[in-house]
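Here the structure comes first, spelled out in structure tokens, and everything after it is commentary.
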Amino acid sequence: MAVDGQKLGAVELLEKLNELGAANGIGIADITENRLVGMKSRGVYETPGGAILYYAHRELEYLTLDRATMHYKEQVAVRYAELVYDGMWFSPLREALDAFVTSTQQTVTGLVRLKLYKGNIMSAGAKSPYSLYHEGFVTFGRDEVYNQKDAEGFINLFGLPLKIRALMQQKEKK
């Protein structure tokens, strides 16, 4: 791992990101929490390095994970956080979720450029050798990857529930 081209170990990386983030007002969270026992609590947390690292990692996931895996991983993240917050670190479910996350992260690597300014983290580009994005494949023009005719069937199937609803509404008005 590196920051500004300087390779750093895990501790040094977090220290450097904490320094950069703090200088730019990054990573301040003022939240009201729902405790396991049912009461609310309020806390103000500062994690500038964690916020930057999380943002950069998510940028790489956007590039390297397919849609279904990314969406499911987002759901898993919520459940994982609940388990940890509730003190269930040694639960079989947490261990199983670890296996899922480990599997999804095999190709999450690359370079992320970020801009830090007045409490904001902004992406300035990312690339990965495992990127699923390829400019030549996302065109809606004529190419060898995507047949425009395929969209017709998709649109018809995807729109079918709305079409049926509209027909039912018309029938009810008569």
Compute the FRET efficiency between TYR133 and MET1 as 1/(1 + (r/R0)^6), taking r as their Cβ-Cβ distance and R0 = 25 Å, and round to the nearest 0.05. 0.65
Could you tell me whether region 18-131 comes out rounded, prolate or oblate from its Cα gyration tensor? Rule is a ≥ b ≥ c as square roots of the eigenvalues, rounded for a/c under 1.5, then prolate if a/b exceeds b/c, otherwise oblate. oblate
Using only the alpha-carbon atoms, how far is helix 10-23 inclined from the longest principal axis of the chain? Give it as 0 to 90 degrees, nearest 10. 80 degrees
Excluding exposed DSSP-loop chymotrypsin sites (Phe, Trp or Tyr not before Pro) (at most 10 other C-beta within 10 Å), longest clean stretch of the chain: 1-88
Can you give the angle from 0 to 90° between the axis of helix 48-64 and the longest principal axis of the chain, with both taken from C-alpha atoms, to the nearest 10? 30 degrees
Computed FRET value (nearest 0.05) for PHE100 with ARG42, which takes r as the C-beta separation and R₀ as 35 Å: 0.60
Relative contact order in percent for region 2-133 (Cα pairs under 8 Å, 6+ apart) equals 26 percent
Those lysines that a straight Cα-Cα span of less than 22 Å connects to LYS171, excepting residues fewer than 8 apart in one chain: LYS163
Which lysines, if any, have their Cα less than 29 Å from the Cα of LYS115, not counting same-chain residues under 8 positions apart? LYS7, LYS16, LYS73, LYS127
Calculate for the chain the 222 nm mean residue ellipticity that helices alone would give, adding -39,500 (n - 2.57) per DSSP H run of length 4 or more and normalising by residue count, nearest 500 deg cm²/dmol. -17000 deg cm²/dmol
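Just so you know, all these numbers are worked out from the coordinates, no wet-lab data involved. All figures in this text were calculated on a predicted structure; none of them were measured in a lab. As a convention, Cβ positions derive from the backbone with ideal geometry for all residues, glycine included, and neighbour counts pool all protein chains shown.
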